[in-house]
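The values are calculated or read from the model by the stated rules, or taken from the named source; none is laboratory data. Note that the coordinates shown come from a computational prediction; the quantities given were computed from them, not determined experimentally. For neighbour counting, all protein chains shown are included, and Cβ atoms are generated from backbone atoms with ideal geometry for every residue, glycine included. These accessible areas exclude ligands, DNA and RNA; they are computed on the full protein's heavy atoms, side chains included. Shrake-Rupley method; radii C 1.70, N 1.55, O 1.52, S 1.80 Å.
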Amino acid sequence: MSEDIQQDQALQIDPEEVKFESLRDRTDEIELIISGLTTVALFTLPGLLFDTLMDIHSHQTVIMVMGANIALMLVPGLFYVLGCCFAIHLMIRAYWAGLIGLRTVFPQGVNWDKTPGLGPVGRAFYRNHLPDLSKAIASADHLASSLFSVISLIALGMIWASVLIGLIIAVAGFIGAQTGHTNLAISAALVISITLLAGASVLLWLVDAKFGRWFPSLLERNWYRKLVHGLIRYNNFLSPQRLILPVQLTLQSNTRPRLFSFVFGGGILLIILVGTTIYERWTQFTLSEEFRYLDDAVVAEGFRSTYYENLRSSRDRIRFYPMIDRFVQQEAVMTVFIPYFPLRDNLVMDTTCDPESPPLDCLRGLWTISLGERTLAQESLIPAERFDLNLRGLMGVVSLDGLQPGLHTLELVWNEGGDATQLDDRYDVEELRYNIPFVFSPAYEIALDHEAMAPAETSP
């Protein structure tokens, strides 16, 4: 009688288990939908983020610029790496779906009696080593689910760490801007942030996992348990352990722990490297080292498209250089626009400008404009607002009357005679010099040339 009861209990199906299996079947479809939509979004959003932040780059404060730089270095790397992972997840799920279809159509699996191209030895080898369809389906399902969980774990950890590091660096940048050591404060805050995040986890692992194993007598000490509990609470404060640890410990305990730690740490490092590389590619002309015979220093003394309004591109939005309308000048006057960049100009003007002077005169006094022996009067610079460039600045008119046709250079100097490096370590030069080459080809000379080349009229 007792055996019958035990059999009946064994045959009873746990309703919670049935509910979970039904939910498990639906999560595969959810994974595919999330992976498909997220893959497209992750490869699209970094460009939109860069465009949005660069459009308002000249309007930002010191703290906003630091936050934008952190976002542009970490978010694109996170999105692109996760996008690739989701694409791999889609391929694995597609393979898994194909295996299920084969298992439904051909339940017997491989028909080893009909395997063209295989001899007896090869057939025996593959039959002993290749998994059947059921094992292949289970392996693909296991890999896809694990990858999806690791992706979510890395994304959550990186987002939380980015927010925490960003807040610390923002506070440090604000303090550094007040003391004149902005870059030093940011560097120190970055080191402290990484130490807090990584050092806390390493210290907990060392004290709990290693010392507890090496010195079993410590387990009986009340102070030791309080120390471990304090480190756990400290880690809970630094990161959302209730969200991260269930996934992390489940994967670690059911896979290879060292391999998981290597993949997780390598994924974070890869995100940082990819993000930094993308940021450099967006802001620099090239990442190649093959331009050593025509590097940035050499090009700075010559023709740069940033100097000409008709040649500017979207990448020039973060270069607040003076500019003229075009390279070839045919009129008797040439206009020059000097962008006002508060992060570059305000600190110098706050230090050197007379408090009783009009703000416009302070901004004018920052710039010296000369063409050969001609120097443009600073009083002639007028305030300008350019909605087409989303900039404000100064507009000047340079006379070209009496200038010989040919190649000339307009020279502009920012903070001439000053030393900006004494104000804050954000400045790495005392003054800035911009040499804008242009060709003066008067329109009336072109007309005269055409008249000279025209055939002479003959009287009848």
> If you go through segment 179-200 one residue at a time, how many are within 21 Å of Ile268 (Cα to Cα), open to solvent by 30 Å² or more (accessible area, probe 1.4 Å) and polar (S, T, N, Q)?
Replying inline: 2
> Is it the case that segment 17-38 has a residue that's under 30 Å from Gln178 (Cα atoms) and either surrounded by fewer than 16 Cβ atoms within 10 Å (Cβ to Cβ) or at pLDDT 75 or above (or both)?
Replying inline: no
>> Every residue in segment 126-168 that is open to solvent by 40 Å² or more (accessible area, probe 1.4 Å), touching a residue at least 40 places away in the same chain (Cβ under 8 Å) and farther than 30 Å from Leu269 by Cβ, please.
In response: none
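Okay, residues lined up against (1) aliphatic (A, V, I, L, M); (2) open to solvent by less than 90 Å² (accessible area, probe 1.4 Å):
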site: Asn254; (1), (2): no, no
site: Gly266; (1), (2): no, yes
site: Leu269; (1), (2): yes, no
site: Val274; (1), (2): yes, yes
site: Arg281; (1), (2): no, no
site: Phe285; (1), (2): no, no
site: Phe291; (1), (2): no, no
site: Val299; (1), (2): yes, yes
> Of all residues in segment 404-426 being in contact (Cβ under 8 Å) with a residue 40 or more places away in the chain and assigned to a loop (DSSP other than H, G, I, E, B), which is least open to solvent (accessible area, probe 1.4 Å)?
Replying inline: Asp424
> Quick one: how many residues across segment 359-394 are surrounded by fewer than 13 Cβ atoms within 10 Å (Cβ to Cβ) and in contact with a Lys or Arg (Cβ under 9 Å, 6 or more places away or on another chain)?
Replying inline: 2
>> Of the residues Asp401, Asp361, Asp350, only one is charged (D, E, K, R) and either in a strand (DSSP E or B) or under 24 Å from Thr421 (Cβ atoms) (or both); which?
In response: Asp350
>> Would you confirm, using the coordinates I've provided, whether Arg123 is in a helix (DSSP H, G or I), without any contact (Cβ under 8 Å) to a residue 40 or more places away in the chain, open to solvent by 70 Å² or more (accessible area, probe 1.4 Å) and not hydroxyl-bearing (Ser, Thr, Tyr)?
In response: no
